[in-house]
Amino acid sequence: MVLRTDGPPEPTSAVTLVAKYRAARAQESLFDDRTGNASSYDEFVDPSGTVRPAWRELAECVADRGPYGLDRLRSVVSSLVDADGITFVQVDPAAVGDAVTHGDGTQVPGPWLLDPLPVVVSSSDWETLEAGLVQRSRLLDAVLTDLYGARKSITSGVLPPQLLFAHPGYVRAARGIEVPGRHQLFLHGVDVSRDECGEFRVNADWTQAPSGAGYALADRRVVAHAFPELYERIAPRPVSPWAQALRLALIDAAPESAGEPVVVVLSPGTHSETAFDQAYLASVLGFPLVESADLVVRDGKLWMRSLGTLKRVDVVLRRVDAAYADPLDLRADSRLGVVGLVEVLRRGAVTVVNTLGSGILESPGLQRFLPELAELLVGETPQLGAAPMYWGGVDVERSHLLSHLSALLIRPVTGGEPIVGPMLSAGERDALAARIAATPWQWVGQELPRFASAPTAHSPNGMSPANTGMRLFTVAQRGGYAPMQGGLGYLLEPGNAAYRMNTLAAKDVWVRSPTRVIAERTPAPAVDLPAITPSPTRAVSSPRVLSDLFWLGRYGERAENMARLLGVTRERYHEFRYRQDVPDSECVPVLLTALGRITGTDTGAAGDAAEMIAIAPTTLWSLTADRRRAGSLAQSVERLGSAARSVRDQMSHDTWMVLAAVDRAVLRHSSTPPDSHTEGDGYLATAHSQTLAGMLAMSGVAAESMVRDVGWTMMDIGKRIERGIWLAALMRSTLTTVRSPGAEQTITESTLVTCESSVIYRRRTLGKVSVAAVADLLLFDGENPRSLAYQFERLRVNLKALPSSSGSTGPERLVDEVAARLRRLDPADLEEVADGTRPELDSLLGGIHDDLRELSRRITATHLSLPGGMQPIWGPDERRVMP
């Protein structure tokens, strides 16, 4: 089987493929000898060089594709990741990653790096993993229940108390708070890898707010689409049933008093490292993605701001670390949590999962004693082993810890990053040994993790081996724990960096069924249905969400208008740059001046026309590519993307394909123009045309794929305000000054093209230049979607559709006043000339521009701002009555 490609096929044999892989593996081992990982397990081939059975189809498919096909596969995966908007934010500014750090310190997400080749897990290996994974979730659940309950682990002497109380994951305020149902640990993530003997080992448990499940679901979608022939042949077990199990488990976790449970996903916001993971998971589950500003405690309950009212929240899937969840009872400096949330939990009026305090299970001190705790609490031994650990509080173990610092991973039990022993200098080891000797109970040493090698096509060198790990997930059910039939794989950097879990790329994890027949006939794992069936939760319409949608509409319209005007200006520049002696050439400095006034920036030489034309290429490049320049196309596109990511759970999937194309066209270039004029103009033409195409596609998605709810209405309000502001500013800059007939003709035509109204204008006037005719079309024609009259009619309808509409709110009155003013005007009056200008037209456009900006301010104040008044959070029955 040979896949047809765009270039010459280069099939090769599986034998040759394996030979090249083994040669690369041998070369890698030369480096691994220095890090102690030379004998790592190979997932792909056995010691004799034979491809392992689970990987045979992959070897055959890769061999059929050949090197060129593998390059194409890598390119397709990258394009799909881009089109789906899968991103990752590198928070550490000093780290080298794919997130872009601007000069002002702000960061934007970089692309998610995904290896085209999956990790293939045989059915027998998965049986081992699944049994150990489910058991480990049960064990940690028992430990969590005990630590915040009877504390038998402490009173029996098995767990030293300082290992509980000194770890930041322990939340004192959470004692006594219980999650409804049989399990206190709701969501569990486990990092596993193979040692040199092929045995699976646990490297870390994630119980605070486990991340990665959304990435795992998104990765499966991408790899399955990019490599369909391999997906069909292996037929891995689906991961989507786990998402359904998670959804039903969240509904089932609601307090008994909840009639129709409302579930939300609480996110730290778009600046979180895993913002995509949170938003994608929320969209797959069908639950609103909220931030702290969307929630409020009133009358002892948790509420979500929605549709201008408050809606009771019953379950919160927490992606905010526990310490930041409530600034009243926990960290007072937190802006990510909800004031009073802990008290609502104590009252049992809401369920938060994972429960506050679950982060204690990530403590290295507790992990050291997990086998003893498992025996004490459930009478079992963990089936999945972990690397041996040594606690400094035990004399024998402390001695081993101090004498092997250079070969261990050193973890502080009081929180903090692990220290990689092999990376320490002699002086650093001595300093660390002194710290351990001073407070030995605060330190745990762990044998260095081992990682198996697996094939990757991440690098451009063809298929090669790389260290690999996996993050697996379980979710609590009534009858136990349901594992995801797959997970999030990852490639690790070579050498000591792997011990710090520095990753190069993600990998999809494919779990094989025993046979193809069974894979086709096996139904999805049975999931206990909740006793109640809730009605769907409608889209969140809190002030924060509405504000993002409002600005989504404004930035989308701003980018479209800017692309049109830049394109027209660039075309006129090329038309007249060598013919500056003709009157028509005056249109170039006029359009450049218009760009300056619209953006509020300087476009050249204090109005000197010749100088403005001379520096026009640099000006156009800056207004296109410099995201730091106010009003530039790049700034609008960047802010459009930021607003869209903030409300990702409410956007159509097609939105990201459109935004990715615009992002590639505009944002991935230097703000400094190239030396070659041809290259620079080629970029400008592409950026302007692709932005325009993208914004038109966005308008189509909004018109055909978004529900006409209050969020859509607010987005359309933003769009109409921006279009009106832009139109008024453009016409004021181009048509209010009287010029020679030739210049007037060209400037008027340029204005009409920019406003997408040139065709209908020519049809109505046969090309005759008339300011009155232009005004009639662009200001007063209610049937022209580009006219001011049309914008005000849409604003009137949209404002009336908002929940708070009374027909006489401030914004509604202002729109009615401006619309009435337009109806009273005669287009012919706007042609009157005085002192070389058209004062009536200038006054009208200036007034409308100011009115629309005032309308934006009023809407922000009335619909998009948070309540400022003090309100009781516990209820009227608990207010203190003063005599």
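Throughout, read-outs are computed from the coordinates displayed, never taken from laboratory work. All figures in this text were calculated on a predicted structure; none of them were measured in a lab. Counting neighbours? That spans all protein chains shown, and the Cβs are built from the backbone with ideal geometry, glycine included.
Rounded to the nearest 20 Debye, what is the dipole magnitude of the chain about its Cα centre when Lys and Arg each give +1 and Asp and Glu each give -1 at the C-beta?
Working: 90 positive and 105 negative charges, 292 e Å.
Magnitude of the dipole: close to 1400 debye.
Over the alpha-carbon set of region 380-475, divide Rg by the Kirkwood Rh and report the Rg/Rh ratio to two decimals.
Details: Rg = 17.0 Å, Rh = 15.6 Å.
Ratio value, two decimals: 1.09.
Compute the long axis of helix 213-226 from its Cα atoms, compare it with the longest principal axis of the Cα atoms of the chain, and write down the angle in degrees, 0 to 90, nearest 10.
70 degrees
I need the shape label for region 256-349. Rule: rounded when a/c is under 1.5, else prolate if a/b > b/c, else oblate, with a, b, c from the alpha carbon gyration tensor.
On the way: a/c = 1.71, a/b = 1.09, b/c = 1.57.
Since a/c reaches 1.5 but b/c is at least a/b, the shape of region 256-349 is classed as oblate.
Rounded to the nearest 500, what is the 222 nm mean residue ellipticity of the chain from helices alone, with -39500 (n - 2.57) per DSSP H run of 4+ residues and division by all residues?
Details: 29 runs with 400 residues, N = 883.
Using -39500 (n - 2.57) per qualifying helix, the result is -14500 deg cm²/dmol.
Any idea what the dipole of region 708-865 comes to, in debye rounded to 20, about its Cα centre with Lys/Arg Cβ at +1 and Asp/Glu Cβ at -1?
Here the size comes out at about 480 debye.
Once you compute Rg and the Kirkwood Rh from C-alpha atoms, what is the Rg to Rh ratio for the chain? Present the calculation step by step, with values, prior to reporting the outcome.
Numbers: Rg = 31.5 Å, Rh = 30.7 Å.
Radius of gyration over Kirkwood radius for the chain works out to 1.03.
Rank these for me by crowding, 768, 507, going from fewest to most other beta carbons within 10 Å. Walk me through the numbers on the way to the answer.
Details: 768 10, 507 28.
With the sparsest Cβ surroundings first, the list reads 768, 507.
Could you give the dipole magnitude of region 544-706 about its Cα centre, charging the beta-carbon of Lys and Arg +1 and that of Asp and Glu -1, in debye to the nearest 20?
Values: 17 positive and 20 negative charges, 114 e Å.
Roughly 540 debye for region 544-706.
For the chain, what proportion of DSSP beta bridges, expressed in % and rounded to the nearest 5, is antiparallel? Intermediate values should be presented prior to the final figure.
Values: 55 of 71 bridges.
The antiparallel proportion sits near 75 percent.
Using a ≥ b ≥ c from the Cα gyration tensor of region 544-706 (square roots of the eigenvalues), is it rounded, prolate or oblate, where a/c under 1.5 gives rounded and otherwise the larger of a/b and b/c decides, a/b for prolate?
Working: a/c = 2.28, a/b = 2.08, b/c = 1.09.
Prolate is the answer for region 544-706, as a/c is 1.5 or above and a/b outweighs b/c.
I'd like to know which of 657, 585, 357 lies farthest towards the positive end of the charge dipole of the chain, counting +1 on Cβ of Lys and Arg and -1 on Cβ of Asp and Glu.
357
Need the list of lysines near residue 311 for cross-linking: C-alpha distance under 29 angstrom, and skip anything on the same chain fewer than eight residues off.
Output for residue 311: 301, 719, 800.
For residue 188, what residues show an amide H to amide H distance below 5 Å, using hydrogens built from the backbone and excluding near sequence neighbours?
474
Hey, if you put +1 on the Cβ of every Lys and Arg and -1 on every Asp and Glu Cβ in the chain, which of 77, 573, 746 ends up farthest toward the positive end of that dipole?
The residue sitting farthest along the positive end of the dipole is 77.
Would you please give the FRET efficiency between residue 820 and residue 783, computed as 1/(1 + (r/R0)^6) with r the Cβ-Cβ distance and R0 = 22 Å, to the nearest 0.05?
On the way: r = 19 Å, r/R0 = 0.86.
FRET efficiency, residue 820 to residue 783: 0.70.
So what's region 161-294 giving for Rg/Rh, alpha carbon basis, Kirkwood Rh from the mean inverse pair distance? The partial results should precede the final answer.
Working: Rg = 18.2 Å, Rh = 17.9 Å.
Here the Rg-to-Rh quotient is 1.01.
Between residue 333 and residue 434, what is the spin-label point distance in nm, taking each point 7 Å from the Cα along the Cα→C-beta axis?
2.8 nm
Helix 839-863 against the longest principal axis of the chain: what's the angle in degrees, Cα atoms only, rounded to the nearest 10?
30 degrees
Could you list 389, 657, 484, 651 in order of exposure, starting from the residue whose Cβ has the fewest other Cβ atoms within 10 Å?
Working: 389 21, 657 18, 484 29, 651 24.
Lowest count first: 657, 389, 651, 484.
If you project the alpha carbons of region 708-865 onto their three principal axes, what span does each projection cover, largest first, in Å?
For region 708-865, the Cα spread along each principal axis is 51, 31, 24 Å.
With each pseudo-label sitting 7 Å past Cα toward Cβ, what's the residue 597-residue 571 distance in nm, one decimal?
2.2 nm
Full extension from residue 79 to residue 804: what is 0.36 nm times the residue separation minus their Cα-Cα distance, to one decimal in nm? List each step's numbers first, then the result.
On the way: separation 725, 0.36 × 725 = 261.00 nm, distance 4.31 nm.
Gain in length upon complete extension: 256.7 nm.
Need the full-extension length gain, residue 372 to residue 459, defined as separation in residues times 0.36 nm minus the C-alpha distance. One decimal, nm.
Contour length minus Cα-Cα distance gives 27.0 nm.
Among 707, 505, 50, flag the residue with its Cα farthest along the positive direction of the charge dipole of the chain, charges on Cβ as +1 for Lys/Arg and -1 for Asp/Glu.
Ranked along the dipole, the leading option is 707.
In a shell of Cβ-Cβ distance under 12 Å around residue 746, excluding residue 746 itself, what net charge do Lys and Arg (+1) and Asp and Glu (-1) give?
Values: positive: 572, 579, 739; negative: 571, 575, 584, 586, 744, 749.
Value of the local net charge: -3.
Could you give the length gained on full extension between residue 709 and residue 260, defined as 0.36 nm per residue of separation minus the Cα-Cα distance, in nm?
On the way: separation 449, 0.36 × 449 = 161.64 nm, distance 2.12 nm.
Contour length minus the Cα-Cα distance gives 159.5 nm.
Order by neighbour count: 76, 179, fewest other Cβ atoms within 10 Å first, most last. Intermediate values should be presented prior to the final figure.
Working: 76 15, 179 22.
Placing the least packed residue first, the sequence is 76, 179.
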